[in-house]
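Enquirer: Supplied in structure tokens, the structure appears directly below.
Every number in this text was worked out from the coordinates using simple rules, so none of it is lab data. Computed from a prediction, not measured in an experiment: that's the story for all the values here. We place every Cβ from the backbone using ideal geometry, glycine too, and count neighbours over all the protein chains shown.
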Amino acid sequence: MRKPYIAGNWKMNLTPSEAAKLATELAAALKGNDRKVMVAPSFVSIPAVVNAVKGSNIIVAAQNVNDHKSGAFTGEVSTSQLADLGVKDVILGHSERRHIYGESNELINSKVLFALENGFDVVLCVGETLDERESGNLEKVLGDQVTIGLKGVAKEQMSHITIAYEPVWAIGTGKTATPEDADSTHKVIRKMIAGLYDESVAEDLIIQYGGSVNASNVKALMAKENIDGALVGGASLSVEKFLPIVNFDK
Ligand code: 13P
């Protein structure tokens, strides 16, 4: 039985004070709630958010991390710097990292391996552009992102991996994949995992859907067999919008 996992990717939004305020409100609103919930603030907001959610079961994640221990990597953040703040979860391979900052499957793989080695849980994002979908390359693109992204990840490490399927054309556009389309793509991803590992790893894998998830569409998405959670952007930036997503079944 896969436990639903709802995550909010705050992207480059909110100042540290605004992030702390939102995190405080969210922790209060989720008191006593045992749903698996994560928020990913900007690096500079992480200390304030960690402090604000103390005592709650909200996971604080980073939106990226470097694949080296330390050294001359100007502008980068290391796993040990995050760990020192109490962070042990990270989103990797987000489409904005892939498409705006040119991160390759190989670089993302290196980050995945390094984060896992250093005790992190990883949300690995995958997803196709509209061009890739319309040219019939959906499965090839996802296949590369999954296979290269997870290269060298041992079967025993797979319990530390969540996959987020985020079709690029659905991110921030108000266009969501239909629950049927998202479910069938999740099924394809699950099958890839069964091929790379085995049926039981595939069966246990949490696959989140991301791309314009909101309070009105989350229930239908989450009702699908292969959709186990959501990675939410815009609608995670206020308690009013995010809470009904977390509580999609209430
Ligand atoms: P939106 O929910 O704003 O479409 O963003 C999705 C996303 O990219 C989450 O990582």
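Enquirer: What is the residue count in region 177-211 for residues that are free of Cβ contacts under 8 Å to residues at least 60 places away in the same chain, crowded, with 19+ Cβ neighbours inside 10 Å and of a type in the set (Val, Ile, Thr)?
Expert: Summing the residues that are free of Cβ contacts under 8 Å to residues at least 60 places away in the same chain, crowded, with 19+ Cβ neighbours inside 10 Å and of a type in the set (Val, Ile, Thr) in region 177-211 gives 3.
Enquirer: Name the residue that is farthest from the ligand (Cβ to nearest atom), counting only residues in region 187-226 that are closer than 14 Å to Val126 by Cβ and within 14 Å of the chain's Cα centre (by Cα).
Expert: Leu205
Enquirer: Oh, and also: Identify, please: which residue in region 58-95 is polar (S, T, N, Q) and exposed (fewer than 15 other Cβ atoms within 10 Å of the Cβ) and is, among those, farthest from Lys111 (Cα to Cα)?
Expert: Among them, the one singled out is Thr74.
Enquirer: Run down Ser42, Ser78, Ser104, Ser95 and say which single residue is out of contact with any Lys or Arg (no Cβ under 6 Å at 6 or more places or on another chain), within 19 Å of Trp10 (Cα to Cα), of a type outside the set (Phe, Trp, Tyr) and free of Cβ contacts under 8 Å to residues at least 40 places away in the same chain.
Expert: Working: Ser78 fails: within 19 Å of Trp10 (Cα to Cα); Ser104 fails: within 19 Å of Trp10 (Cα to Cα); Ser95 fails: free of Cβ contacts under 8 Å to residues at least 40 places away in the same chain.
When all the criteria are applied, what remains is Ser42.
Enquirer: For region 23-39, which residues satisfy the criterion of being more than 25 Å from Ser95 (Cα to Cα) and touching a helix residue (DSSP H, G or I) at 6+ places or on another chain (Cβ under 9 Å)?
Expert: Once the filter is applied, which keeps residues that are more than 25 Å from Ser95 (Cα to Cα) and touching a helix residue (DSSP H, G or I) at 6+ places or on another chain (Cβ under 9 Å), region 23-39 yields Thr24, Glu25, Leu26, Ala27, Ala28, Ala29, Leu30, Asn33, Arg35.
Enquirer: Being touching a residue at least 24 places away in the same chain (Cβ under 8 Å), under 30 Å from Ala19 (Cβ atoms), more than 9 Å from the ligand (Cβ to nearest atom) and out of contact with any Gly (no Cβ under 8 Å at 6 or more places or on another chain) narrows it down to one residue among Gly229, Gly152, Gly174; which is it?
Expert: Testing whether each residue is touching a residue at least 24 places away in the same chain (Cβ under 8 Å), under 30 Å from Ala19 (Cβ atoms), more than 9 Å from the ligand (Cβ to nearest atom) and out of contact with any Gly (no Cβ under 8 Å at 6 or more places or on another chain) leaves just Gly229.
Enquirer: I'm told Phe248 meets every condition in (1) under 23 Å from Asn33 (Cα atoms); (2) within 14 Å of the ligand (Cβ to nearest atom) except one. Can you identify the failing condition by its number?
Expert: (2)
Enquirer: Please enumerate the residues belonging to region 20-47 that are closer than 17 Å to Ser238 by Cβ, crowded, with 17+ Cβ neighbours inside 10 Å, among the hydrophobic types (A, V, I, L, M, F, W, C) and more than 16 Å from the ligand (Cβ to nearest atom).
Expert: Selection gives Ala20, Ala23, Leu26, Ala27, Leu30.
Enquirer: Suppose we keep only residues that are within 12 Å of the chain's Cα centre (by Cα) and part of a loop (DSSP other than H, G, I, E, B) within region 85-112. Which one would you say is nearest to the ligand (Cβ to nearest atom)?
Expert: Only one residue fits best here, namely His94.
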